[in-house]
Amino acid sequence: MLGGAALEPLPDEVELGPELGETFAANALAKARAAAAATGRAVIADDSGIAAAALGGAPGVRSARFAGEHATDAQNLALLVSRVPPGSVLAYVCVIAYVDPASGRERTFEGRCQGRMAAAPAGGGGFGYDPVFVPDEQDGEPPRTMAQLEPAEKDAISHRGRALRAFAAWLAAAP
């Protein structure tokens, strides 16, 4: 349940198509529109990734494919480590899109988590770029990567958690 609404997974037979947008919002909206068209129901979808200031915001919407179309998380991480110096500014970004075909209403909700590039990968939790992402907002010393944070700590500051909380607040207040 989210804001009093029951969430259901998208049926397996629904295909959302490739992520071709230039922004996280464009990709999230494309997925949500496709899912709403296929189901006839109100839906949410998201797109997320990491943006490195040293790379002009890349990999951005190409985060899952940074090292190639079929790259693994390890390959994507290795490429980021090879191109971004330690201490460089990073941001995790997530956009959740809401599309309701009955009302025609569409909204997006963005969450961000600012951080810096770690000197070396650390931690066994999380996935993707978490071992090198040191969030600016965290308690304790020394600073830890997202892969070293406890799940509740990570959720409190994560880009996905922030986007989802913004959506839930809007949903709770929506007429």
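Computed from the coordinates by the stated procedures, all read-outs in this text should not be read as laboratory data. Remember, it's a predicted structure, so these values are computed and weren't measured experimentally. Here the Cβ positions follow ideal geometry from the backbone for every residue, glycine too, while neighbour counts run over all protein chains shown.
A helix-only calculation puts the chain at -8500 deg cm²/dmol for mean residue ellipticity at 222 nm, using -39500 (n - 2.57) for each DSSP H run of at least four residues, averaged over all residues.
So what is Rg over Rh here for region 24-173, counting just Cα atoms and using Kirkwood for Rh? Looking at region 24-173, the ratio lands at 1.02. Loop-located chymotrypsin sites (Phe, Trp or Tyr not before Pro) in region 26-116 (DSSP state not H, G, I, E or B) with no more than 16 neighbouring Cβ atoms inside 10 Å do not occur.
With everything on Cα atoms, drop me the angle between helix 24-39 and the longest principal axis of the chain, reported from 0 to 90° to the nearest 10. The answer is roughly 30 degrees. Counting charges near residue 135 (Lys, Arg +1; Asp, Glu -1) among other residues having Cβ under 14 Å from its Cβ returns a value of -2.
Measure nothing fancy, just the Cα-based angle from helix 73-83's long axis to the longest principal axis of the chain, in degrees from 0 to 90, nearest 10. Its long axis makes an angle of about 50 degrees.
All other residues whose Cβ lies under 15 angstrom from that of residue 29 are scored, Lys and Arg at +1 and Asp and Glu at -1, for a net of -3. The modelled label-to-label distance for the pair residue 173/residue 127, using points 7 Å beyond Cα in the direction of Cβ, is 3.2 nm. Between residue 155 and residue 16, the contour length at 0.36 nm per residue exceeds the alpha carbon distance by 47.4 nm. Between residue 136 and residue 39, the distance separating the two model label sites (each 7 Å from Cα on the Cα→Cβ line) works out to 3.5 nm.
Extension gain, residue 82-residue 7: 0.36 nm per intervening residue step, less the Cα-Cα distance, totals 23.0 nm.
Each Lys and Arg Cβ is given +1 and each Asp and Glu Cβ -1; about its Cα centre, region 24-173 then shows a dipole of about 480 debye.
Other residues within the sphere of radius under 15 Å centred on the Cβ of residue 103, judged by their own Cβ, net out at +2 (K and R +1, D and E -1).
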